[in-house]
């Protein structure tokens, strides 16, 4: 059987005029690293579930994307992350929402799918499940970036919830 | 929001989506990324889907599961079903965003009604493509 993988790092308005060559190179490098992480697993006989998890983890670890380390900030200046995963084999699924101290939320969603009787865990309960399954507590500082803080302050000043400040070329790329 | 879809050599599909949500969110807001059927879906012999965009609209349109249903019941190709939803029902409602989808043969599809979507793929022949803008 052939194998294949595709990834995305978010859609929305991405302004060409504010995309510097350096930033574009960094973003494209992260996208390639992600898709190749998944491909490496598939080419060595790994499962599609492991491949999508590995690919998403790379993007969660990059500050350029709104997930994991690059997550946008809530009104209370925290990150609050959601993730889900589904296997086409048997339609098993796992999902988590509102977690604040999990470095790679996609790994927690996968753990919910594989190691629990449930499909969807939220907030404190999801984190309790995580720590019972050897996930490490990650401080909020890990997720903090100046870009996301500036974005939040601008939104607060205007009383907005959407991303309408174009300091970066993809500030209006949706979460 | 980030996501991935894949087909492995055993013929199994999978999809994953992860997000930080929207800036300045309150009230315990959750978008579509965490919701199976709205932001993520995988069904062997049908399709794997991961979405990104204005989550409330993707929830209301049940985008990922609806795409699978169009393939399953209407015999549409994954590309036809993706365009119908993203360029039709979602756009008509005012929802902006996109999705990645993979069919049972490992063909990847990208659909968006926004100016861009960060995306990449490696096809069954090993060819890598990386794109940012819609055009």
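Just so you know, all these numbers are worked out from the coordinates, no wet-lab data involved. As the structure is a computational prediction, the values presented were derived from the model and not from experiment. Cβ coordinates were reconstructed from backbone atoms using ideal geometry, including for glycine residues, and neighbour counts include every protein chain displayed.
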Length-normalised contact order of the stretch A:1-118, Cα under 8 Å, at least 6 apart, in percent, tallies to 18 percent
Label-to-label distance, nm, for residues given as residue B:129 and residue B:56 (7 Å Cα→Cβ offset): 3.4 nm
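Where a ≥ b ≥ c are the square roots of the eigenvalues of the C-alpha gyration tensor, would you call the stretch A:28-96 rounded, which needs a/c under 1.5, or, failing that, prolate if a/b is larger than b/c, or oblate?
oblate
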Sorting B:32, B:123 on the 10 Å Cβ count, fewest up front, what's the list? B:123, B:32
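Please label the shape of the protein assembly as shown as rounded, prolate or oblate, based on the square roots a ≥ b ≥ c of the eigenvalues of the alpha-carbon gyration tensor (a/c under 1.5 means rounded; beyond that, a/b larger than b/c means prolate, else oblate).
On the way: a/c = 1.41, a/b = 1.19, b/c = 1.19.
Taking the square roots of the gyration eigenvalues as a ≥ b ≥ c, the protein assembly as shown is rounded.
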Counting other beta carbons within 10 Å of each Cβ, put A:131, A:65 in order, fewest first. A:131, A:65
Between helix A:105-115 and chain A, what is the angle of the helix's C-alpha long axis to the longest principal axis, kept within 0 to 90° and rounded to the nearest 10? 20 degrees
Cβ density ranking, 10 Å radius, fewest first, applied to A:156, A:110 yields A:156, A:110
Let me understand the stretch B:32-105 better: what is its radius of gyration from the alpha carbons, and its Dmax, in angstrom? 10.8, 32
Which angle between 0 and 90 degrees, to the nearest 10, do you get for helix A:48-60 versus the longest principal axis of chain A when only C-alpha atoms count? 20 degrees
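Can you give the translational diffusion coefficient of chain A in µm²/s, computed by Stokes-Einstein from the Kirkwood radius over Cα pairs at 37 °C and 0.692 mPa s?
Values: Rh = 17.2 Å.
D = 191 µm²/s.
Relative contact order for chain B: what is it in percent, counting Cα pairs under 8 Å that are at least 6 residues apart? Please report the intermediate quantities before stating the final value.
Working: 276 pairs, mean separation 26.8, N = 135.
Across chain B, relative contact order equals 20 percent.
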Say R0 is 41 Å: what FRET efficiency, to the nearest 0.05, do residue B:77 and residue A:131 get from their beta-carbon distance? 0.40
Quick one: if the Förster radius is 41 Å, what FRET efficiency do residue B:93 and residue A:25 give, using the C-beta to C-beta distance and rounding to 0.05? 0.70
DSSP beta bridges in the stretch B:24-103, what fraction antiparallel, as a percent rounded to 5? 90 percent
Taking the Cα atoms of chain B, what is the range of coordinates along each of the three principal axes, in descending order and whole Å? 44, 32, 27
Helix axis angle, A:123-132 relative to chain A longest principal axis, alpha carbon, degrees: 50 degrees
If one computes the Cα centroid of the stretch A:105-152 and of the stretch A:33-72, what distance in Å separates the two points? 16 Å
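For a Förster distance of 41 Å, can you work out the FRET efficiency between the beta-carbons of residue A:114 and residue A:153, rounded to the nearest 0.05? Provide the component values of the computation, followed by the final result.
On the way: r = 40 Å, r/R0 = 0.97.
Here the calculated transfer efficiency is 0.55.
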Based on DSSP, what percent of beta bridges with both residues in chain A are antiparallel, to the nearest 5? 75 percent
